[in-house]
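Quick notes on the structure that follows.
Bear in mind these aren't lab numbers, they're just calculated from the coordinates by the rules spelled out. Every value quoted in this text rests on a predicted model; they were computed, and no experiment measured them. With ideal geometry, Cβ positions are generated from the backbone for all residues, glycine too; neighbour counts draw on all protein chains shown.
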Amino acid sequence: MAAFSFKPGRRFTVPDWCTNARLISADAERQRSASQRLRQEARALRSETGSQAKWDERDNQTRLAERISSVSRWKETLDKCLADVDEEIDALAKVKEAAERALQAKNLSLDVAMECLTLRDGRRAIDLVRDPAEEQLHKEVKVIHKAKRELQQRVNEALEQLCLLQEARQQLSFDHRGKVEALEIDRTCLSLNVNSPNISFKVNPTRVPDGSTAVDEWEQNSQHNKDHAEEEMKASTKLREAIVLAIAQTDHELEAQRAATEFALRKRIRDVERAYDELKWQEQNTLEEIAEMEEDIRRLEEDIRRKMQDLKVAHTRLETRTCRPNVELCRDQVQYGLTDEVHQLEGSIRALKLKLAEAQAALDALYRQLHRVQTDASHKALSLVLEHKCMDGRRKLVVPAEKFVPRVDTFNRTTNRGASPPRAGQLEPA
């Protein structure tokens, strides 16, 4: 008899076997029926959702195209408004520069008139009289001050108007940049389709972003920016006309008054020249002392470096002798001598560094003093040049600047000479 490799299971009856077959068949029928119903529902849903998605996508394509057209129209409007604002800003800036040049030109007339009055105050005894010439000079000063006040007011108004125009332009530019970015974004959205490589799922895409506005608010903002810019351009045009008129009036008044106050000028400069020569002598002596101090500092630094090398040798000897074996590691006279040498070198280095710091401080003080001397000398030289130019007096008011040649030679000892800068690494003057 053949042997079985496993134990036989429980035996079922024939009715059990038939019942199991019927159950399996019934379950299969129910599953097929449910599957058929689900397939029919899925086909209907696919058809409905496909049609809905197609029409929704087409409607949004149309809305995007209309939005792009609307934004493009506003962008073109802002482009033109920006160009007009830029043109008005350039025009107002040129008129403002003309007013500033006219205002700056009044400084020369005022300087000459005040210089004449100052020089005439130097008269002594009976010659110190209030004559018609002095009265005309005072009147000329008043006319110049009045003209400067009026021109300065116009310049301030032009500057304020330029700021307002720039603010309006900034608002327009900000609005314009936003529309350019919006156009680019909407055009990108219009070009997207299911085959686009950069489409993906996003987190909460249907949220309303912070700062969102309504369409009416969007259009009102652009209209407000455009209207505001046009108002500022109108105000700028009126201001330009007023500035041009003010320049013409002040020039006419000053020219009429200037014709009545032409005088020659004199001034003494001997004391300033002596002071300048004394300063140059002090500068030379200070430079010599600086050179000697720098040489001493260099020698101190060399001594410190040499003693640092000696200290390194002593340290190395002491450290090396710690490697002597056993009883040989004794505190002999060499040990005491090297220790004394280290202490002596350290004390010498500290003393040299202290003296070097004092020398550096003294050198810094010398450089500060040299800077003060050179600065004062340059001021004296400039004063001498100005005093010599005063000899030409009011010729500068009638002779063109490009043709003006002083009748008296300027103080040529200071020509092309300025204060020597402090040496690199030195302290700046306090």
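Using the Cβ-Cβ distance between Arg58 and Gln31 with R0 = 41 Å, the FRET efficiency computed as 1/(1 + (r/R0)^6) comes to roughly 0.50. What the Cβ-Cβ distance of Cys189 and Glu255 gives, at R0 = 56 Å and to the nearest 0.05, is a FRET efficiency of 0.25. Peptides 175-182, 283-290 ranked from most to least packed, by the mean per-residue count of other Cβ atoms within 10 Å: 175-182, 283-290. With a simple spin-label model that places each label point 7 Å from the Cα along the Cα-to-Cβ direction, the separation between Lys353 and Phe201 comes to 7.0 nm. Compared with the alpha-carbon gap, the fully stretched path from Thr316 to Glu48 is longer by 86.9 nm at 0.36 nm per residue.
Please give the net charge around Gln52, taking every other residue with its beta carbon less than 12 angstrom from that of Gln52, where Lys and Arg add +1 and Asp and Glu add -1.
-1
Extension gain for the segment Arg149 to Glu135, taken as residue separation times 0.36 nm less the Cα-Cα distance, is 2.9 nm to one decimal. Electrostatic bookkeeping for Gln152 treats Lys and Arg as +1 and Asp and Glu as -1; over the other residues with beta carbon under 12 Å from its beta carbon, the sum is +3.
Per-residue counts of other Cβ atoms within 10 Å, averaged by peptide: what ranking do you get for 142-151, 353-362, highest first?
Working: 142-151: 17.9, 353-362: 13.7.
Packing order, densest peptide first, comes out as 142-151, 353-362.
Scalar couplings 3J(HN,Hα) for the stretch 287-298, obtained by applying the Karplus form with A = 6.51, B = -1.76, C = 1.60 to θ = phi - 60°, are 4, 5, 5, 4, 4, 5, 5, 4, 5, 5, 4, 4 Hz; x denotes Gly and Pro.
A Förster distance of 45 Å, applied to the separation of the beta-carbon atoms of Asp332 and Arg299, puts the FRET efficiency at 0.80.
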